[in-house]
Each structure stands twice: as C-alpha cells, then as structure tokens.
Amino acid sequence: REPSNVKDEL
Amino acid sequence: MNIFRLAGDMTHLISVLVLLLKIYATKSCSGISLKTQELYAMVFLARYLDLFSDFISLYNTVMKLVFIGSSLAIVWCMRYHRVVRRSYDRELDTFRYWILVGACFTLALVLHEKFSFQEVFWAFSIYLEAVAILPQLVLLQRSGNVDNLTGQYVFFLGAYRAFYILNWIYRYLTEPRFTRWISCVSGLVQTALYADFFYYYFISWKNNAKLQLPA
C-alpha cells in the first residue's frame, strides 16, 4: 500500500 | 482515521447542516453567497470523480455523496426555490468568481501529482476549495450584520479546516510516508483566510454581542 497515493481524505 | 480527521469531518458536516437548517427554518438565504455555494459544488464534483472507481470505505463513500448532494441542493434552493431565492443578496454577491475557477484550473494544469484527468481535477478541487470561501467573506463584510446561523456556518467551516491541519501534523508524525504537499499548503492558505473572521467571531462571543464585521 502506498499511503501517499491513496486519496483517503474528503 | 485519527481523532482530528474525524473532528474535521464532523465540523464540516455540522456546517452543512447549520446552513440547511438556516435555509429550511427561516426560508431565507440572506447573508449566504450563492457564488461560494456554487464553488463548493464544483469542488466536490471535481474531487469525487473517484467515487465509483476507488472504494476506500463506506464512510468515505457516504460522506462524498452527502457533500455532493447537499451542495447541489443548496445551490438549487438559492437559485430556484420560489420563496428562498427572494432573500438572496444578489447585489452584494458580485465577486468575479470565474477568475478563481480559471486561476485554480491553470494552477492544477501546472502543479499536480500526476498528469491524468482525475489527478488534475483533484488538484483543481483542492486549490478551488482553498479560495471558495472568499465570495462568502466579502458578502459578510459588505452586509456588516451577520445573523447567528450564518456566523456559525462560517465558524464551523473554519473549524473543519483547523482540524484538518492538526490531522496532517498527526499523520506526518505517525505515517512514515505521509507527504501530501498540495493538500497541506492549500489547507494552510485556506485556514489563513478565516483568521480575520475568527478574530471578530471570538470578540463577539466574548462580549456576548452580535457578530459584526468592520466595514
């Protein structure tokens, strides 16, 4: 998992 | 998800509910900038293009739908609702917001994480959100008097931004690879725009007086 590429914020 | 992020999302949700409550209960949108609301609708539509392609969590999906739906509903009410639209301060809400849209889109074409349709629109939405409150702040400044619900609406929006900054600090310290500079820098700019409003909000709160912005 690449945390910096996942747009997990709204 | 950390506590700051949750607090940010909840204050964001409360701000939308306060605005819907104001429009529904008073059947009036006086003091609310239609331009800011249209910019927010654009922000959510541009940012949540990933709604159907990337599933993150049920929470994320539901919140995205709520933000898109509520922003479109508010714009619709202010433009077309038989009663509500009469109270719109058209002559005070003259901010040339297409300049903001153009500038943000140009910036997104230059500064993005990846040159793809979704990523450019994502960056565009981040830049546009940072400045979307400007027509609203100008409208409040021009009308001078701010009713309670409108003041609380802007207050909760500002609180949402402040919590997101704490969220990024927390993530930066706890997640080894958390570096989202586009969000963070834009978020700082956005929060700074509220500084003046917060100052007068706290003064009026301390003195237990009606919120008034200096001309």
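The values are calculated or read from the model by the stated rules, or taken from the named source; none is laboratory data. Fair warning: this is a prediction, and the values are worked out from it, not measured in the lab. Positions of Cβ are generated from backbone atoms using ideal geometry, with glycine treated the same way; all protein chains shown enter the neighbour counts.
Conditions first: (1) more than 19 Å from B:PHE163 (Cα to Cα); (2) away from chain A (no Cβ under 12 Å); (3) hydrophobic (A, V, I, L, M, F, W, C); (4) within 13 Å of the chain's Cα centre (by Cα). B:ILE14 passes all but one, so which condition is the exception?
Checking B:ILE14 against (1) more than 19 Å from B:PHE163 (Cα to Cα); (2) away from chain A (no Cβ under 12 Å); (3) hydrophobic (A, V, I, L, M, F, W, C); (4) within 13 Å of the chain's Cα centre (by Cα), the one that fails is (1).
Quick one: B:PRO176 ticks every box in (1) in contact with a Pro (Cβ under 9 Å, 6 or more places away or on another chain); (2) surrounded by 14 or more Cβ atoms within 10 Å (Cβ to Cβ); (3) within 27 Å of B:LYS114 (Cα to Cα) bar one, so which box is it?
(2)
Of the residues B:TRP181, B:TRP168, which single one is among the hydrophobic types (A, V, I, L, M, F, W, C), closer than 22 Å to B:HIS112 by Cβ, exposed (fewer than 12 other Cβ atoms within 10 Å of the Cβ) and within 14 Å of chain A (Cβ to nearest Cβ)?
Numbers: B:TRP168 fails: exposed (fewer than 12 other Cβ atoms within 10 Å of the Cβ).
One residue alone meets the criteria, B:TRP181.
Any residue in the range B:160-179 that is at pLDDT below 90 sitting within a Cβ distance under 9 Å of a residue that is outside any helix (DSSP H, G or I)? List the pairs, counting only those 6 or more apart or interchain.
So the pair list comes out as B:ARG177/A:GLU2.
Which of the residues belonging to the range B:22-39 are of a type outside the set (D, E, K, R) and over 13 Å from the mean Cα position of the chain (by Cα)? Let's see the steps before the verdict.
At the first step, the residues of the range B:22-39 found to be of a type outside the set (D, E, K, R) are B:23-26, B:28-34, B:36-37, B:39.
Result: B:ILE23, B:TYR24, B:ALA25, B:THR26, B:SER28, B:CYS29, B:SER30, B:GLY31.
Out of the residues in the range B:24-38 that are assigned to a helix (DSSP H, G or I) and touching a Ser or Thr at 6+ places or on another chain (Cβ under 9 Å), state the one that is farthest from the other protein chains (Cβ to nearest Cβ).
As a first pass, look at the range B:24-38 and keep what is assigned to a helix (DSSP H, G or I): B:24-26, B:34-38.
After this cut, where a residue has to be touching a Ser or Thr at 6+ places or on another chain (Cβ under 9 Å) as well, the list is B:26, B:35, B:37-38.
Numbers: B:THR26: 28, B:LYS35: 22, B:GLN37: 18, B:GLU38: 19 Å.
Step by step, filter the range B:24-38, then rank; the result is B:THR26.
Which condition from (1) surrounded by fewer than 17 Cβ atoms within 10 Å (Cβ to Cβ); (2) modelled with pLDDT of 90 or more is the one that B:ASN145 breaks?
Among (1) surrounded by fewer than 17 Cβ atoms within 10 Å (Cβ to Cβ); (2) modelled with pLDDT of 90 or more, B:ASN145 violates only (2).
Here are some residues: B:LEU100, B:LEU51. Which one is under 18 Å from the mean Cα position of the chain (by Cα) and closer than 25 Å to B:SER186 by Cβ?
That would be B:LEU100, the only listed residue that is under 18 Å from the mean Cα position of the chain (by Cα) and closer than 25 Å to B:SER186 by Cβ.
Can you pull out the residues in the range B:63-78 that are surrounded by fewer than 16 Cβ atoms within 10 Å (Cβ to Cβ) and within 23 Å of B:PHE117 (Cα to Cα)?
B:LEU65, B:GLY69 - these are the residues of the range B:63-78 that are surrounded by fewer than 16 Cβ atoms within 10 Å (Cβ to Cβ) and within 23 Å of B:PHE117 (Cα to Cα).
Give the range B:8-62 a look and list any residue that's more than 27 Å from B:ARG86 (Cα to Cα), hydroxyl-bearing (Ser, Thr, Tyr) and surrounded by fewer than 19 Cβ atoms within 10 Å (Cβ to Cβ), or say none.
Hits for the range B:8-62 are B:SER53, B:SER57, B:TYR59, B:THR61.
Cβ-Cβ distance below 6 Å, separation of 6 or more or different chains: which pairs start in the range B:49-61 with a residue that is more than 9 Å from every other protein chain (Cβ to nearest Cβ) and end on one that is charged (D, E, K, R) and in a helix (DSSP H, G or I)?
Taking only residues 6 or more apart or on different chains, the pairs are B:LEU51/B:LYS64.
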